[in-house]
Amino acid sequence: MEDEARRQVLRVMFLILGAEAPSSRYRVLQYLPYLREEGIEPVVHDLEGGETGRWVAIWRARRFPVVFVQKKLLPLPQWIGMRSGSPKLAFDFDDAIIYRDSARGASLSRGRLRRFRRIIRSCDLVIAGNSYLRGLAQEDARRLLTIPTPIDLRRYTQRGHGRRETLKIGWIGSRGTLFYLERLEGVLRDVCRRTAGVKVKVVSDAFPRWEGIPLECKHWSYEEEITDLHSFDIGIMPLTDDPWSRGKCGFKLLQYMAVGLPVVCSPVGVNGEIVRDGENGLLARGPEEWVSCLDRLLRDGEMRSRLGESARKTVTEGYGLEEW
């Protein structure tokens, strides 16, 4: 009987937003080896296959005792089909999905809100990426967990702090978040003008069109991501203070910190929880503070090393994949 029990496997379908989506990669796919070790058989299906593809996924989901839906606010007919055929449903979200994004004003979408509350109320488990997002689901969820987006520290190795002729202020992100970086144009132009030998490196799938700023543009790739992070001397994460940005899980910040970079970020949402100002990074509330923080780090190599070491320790102690 004991041998038979050990052989029993729990099959779970994970419905994700595409294998290349950062939230899919870091909130689902990197967990799969650990789930298999625990006797769970994960089956992954992409929800981004259009209307027909979603109905296929819903039909397949009926054969699984547990279905994990990632962030997709399915229309009512599709959600009814999912709920009626699935004994246990989990819903995971790492963005403030009831709001439009910051570039579009971060206004509340009443249609998204209705779908969100309907889904949250009918799920057996809801997983929120941070405390702010937890608050959005608190009233309606039957069972609610808060799980941050963790970092695989075996992959995100610590960089060295040797002397470099050119110091690089780095930003890594996507086309959808370039809006935040572009708002720092004046700050970065001022900083580069004040300190010789400084360059801004952007790793993304889209790039700012700036003049008067020494700019290095690099297309993001999974294979070269760690090398690119190691090439930075300072990592930056600017945000606007609005309902959409407050839901950010700070993953960009954690990526920088995991490799031992000193960071400067806006104290918006979870950023202000991750970074302790002056201890494991610097917080900048407006253009003047951004210029001051970047100037201090560029001029003080010992400070960069100290904050970078503390940043790595922060991720190791609270945001490592092994722990979560």
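Since every read-out is calculated from the coordinates, none of them should be taken as a lab result. Note that the coordinates shown come from a computational prediction; the quantities given were computed from them, not determined experimentally. All Cβ positions, glycine included, derive from the backbone under ideal geometry; neighbour counts span all protein chains shown.
Within the shell defined by Cβ-Cβ distances under 10 Å, the residues around TRP79 carry a net charge of +4, with Lys and Arg each +1 and Asp and Glu each -1. Normalised by the number of residues in region 167-324, what is the relative contact order in percent for Cα pairs under 8 Å and 6+ residues apart? Relative contact order, region 167-324: 22 percent. Rounded is the label for region 197-324, because a/c, from the alpha-carbon gyration tensor with a ≥ b ≥ c as root eigenvalues, stays below 1.5.
Compared with the alpha-carbon gap, the fully stretched path from ARG60 to VAL44 is longer by 4.7 nm at 0.36 nm per residue. For Rg/Rh (Cα atoms, Kirkwood Rh), computed directly from the structure shown, the correct entry in (1) 1.44; (2) 1.01; (3) 0.97 is (2). Convex hull of alpha carbon positions in region 102-228: directionally averaged projected area 11.1 nm². Summing charges over all other residues whose Cβ lies under 15 Å from the Cβ of GLN30, with Lys and Arg as +1 and Asp and Glu as -1, gives -4. Dipole size of the chain about its Cα centre, with +1 on Lys/Arg Cβ and -1 on Asp/Glu Cβ: approximately 980 debye, rounded to the nearest 20.
Centroid-to-centroid, using Cα positions, region 263-321 and region 154-185 are 13 Å apart.
In plain terms, the bigger the Kirkwood radius, the slower the diffusion; for region 66-150, with that radius from Cα pairs, at 25 °C and 0.890 mPa s, Stokes-Einstein puts D at 188 µm²/s. Applying 0.36 nm per residue to the separation of LEU215 and GLU309 and subtracting their alpha-carbon distance, the gain on full extension is 31.2 nm. Using just the C-alpha positions of region 1-135 as equal point scatterers, what log10 of I(q)/I(0) does the Debye formula give at each q in 0.10, 0.11, 0.14, 0.17 1/Å? Computed log10 I(q)/I(0) values: -0.35, -0.42, -0.67, -0.96.
Taking every DSSP helix (H) stretch of at least 4 residues in the chain, weighting each as -39,500 (n - 2.57) and dividing the sum by the residue count yields a mean residue ellipticity at 222 nm of -11000 deg cm²/dmol. The gain in end-to-end length when the HIS230 to GLN138 segment is fully stretched comes to 29.2 nm, 0.36 nm per residue minus the alpha carbon separation.
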